Amino acid sequence: MSFSAFLTSLTSGFTPVIDSNYSKENYISIDLSEKNEALSRVDITSAEKFQHYIEEYLKEKNAEVAYGGYLEQRLLYKRSSYFNTAENNRNIHLGIDLWTSEGINILAPLTGKIHSFKNNTNFGDYGPTIILEHSFQQQKFYTLYGHLSLASIQKIEVGQKIQKGEVFANLGNSTENGDYAPHLHFQVIKNLEGNFGDYPGVSSKKTIKNYKENCPDPNLLLKIN
């Protein structure tokens with residue numbers, strides 16, 4: 001069985017990773033790729049203005065959560081030198097983003113334990129981040145949760161057991177989450193490659209083949225659509 005097929009088999013239907021009060025019907029997909037012409041009219045370098053864009057989009061769609069972004073090429077990362085060097089331009093998103101309100105609860109989609117956590121403070125980085133380790137059918141893998149509140153990483157311990165559906169964190173605001181509108185970056189990682197509290201969430205075209213294999217579509221687990 002491929003890793004993607006294995007992930008698909010672990011959940012039987014819609015599996016929330018944020019506030020359980022939201023049903024599948026509260027979600028709407030969003031395009032934040034460089035092909036979205038509407039973004040050319042938004043100052044994407046401003047977390048406040050980008051948050052306004054998200055809020056207006058949710059209001060227009062009568063939704064609570066805007067989701068998407070797996071393997072999406074984005075202009076958003078051009079604002080930070082953390083993603084752009086002369087040798088490597090990283091602009092391909094490796095997880096799924098769930099855009100909603102500050103403070104929203106984060107739920108474990110599967111039972112696991114806290115592998116590591118860290119405040120990744122580069123401009124445009126994850127900010128407070130938690131990585132859970134999961135083991136099913138002798139297969140070990142990881143899920144990463146980025147752009148959390150600082151409070152989320154202040155009273156947890158490595159090795160702490162987290163049950164499926166348990167609230168273990170909440171979303172941060174732009175002052176603590178890497179300077180973004182409030183959202184969760186959720187990523188599935190087969191091999192953490194020695195990382196602790198961090199793993200690349202954005203790839204360049206040079207490295208996308210390997211990252212795509214190591215980080216399959218998180219929606220295989222969440223089954224939002």
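The values are calculated or read from the model by the stated rules, or taken from the named source; none is laboratory data. Everything numeric here is computed off the predicted structure, so don't read it as measured data. Here Cβ is always computed from backbone atoms with ideal geometry, including for glycine, and neighbour counts include all displayed protein chains. Ligands, DNA and RNA are stripped out before the accessible areas are found, and what is left, the full protein with its side chains, is counted by its heavy atoms. Shrake-Rupley method; radii C 1.70, N 1.55, O 1.52, S 1.80 Å.
The table that follows gives values for the structure above.
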| read-out | value |
| --- | --- |
| Failed item, numbered, when Gly69 is tested on (1) without any contact (Cβ under 8 Å) to a residue 40 or more places away in the chain; (2) open to solvent by less than 40 Å² (accessible area, probe 1.4 Å); (3) farther than 30 Å from Lys190 by Cα | (3) |
| Breaking point among (1) under 17 Å from His93 (Cβ atoms); (2) touching a His at 6+ places or on another chain (Cβ under 8 Å); (3) exposed (fewer than 14 other Cβ atoms within 10 Å of the Cβ), for Asn210 | (2) |
| Residue in the range 183-195 that is surrounded by the most Cβ atoms within 10 Å (Cβ to Cβ), counting only those that are touching a residue at least 60 places away in the same chain (Cβ under 8 Å) and in contact with a helix residue (DSSP H, G or I) (Cβ under 7 Å, 6 or more places away or on another chain) | Val188 |
| Some residue of the range 46-64 being in a loop (DSSP other than H, G, I, E, B), at pLDDT 95 or above and surrounded by 16 or more Cβ atoms within 10 Å (Cβ to Cβ) | yes |
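To keep it simple, each residue is scored yes or no on (1) closer than 28 Å to Ser2 by Cα; (2) of a type outside the set (A, V, I, L, M); (3) part of a strand (DSSP E or B); (4) open to solvent by less than 10 Å² (accessible area, probe 1.4 Å).
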position: Glu102; (1), (2), (3), (4): no, yes, no, no
position: Leu110; (1), (2), (3), (4): yes, no, no, yes
position: Phe117; (1), (2), (3), (4): no, yes, yes, no
position: Asn122; (1), (2), (3), (4): no, yes, no, no
position: His134; (1), (2), (3), (4): yes, yes, yes, yes
position: Tyr142; (1), (2), (3), (4): yes, yes, yes, no
position: Glu157; (1), (2), (3), (4): no, yes, no, no
position: Ser174; (1), (2), (3), (4): no, yes, no, no
position: Gly178; (1), (2), (3), (4): no, yes, no, no
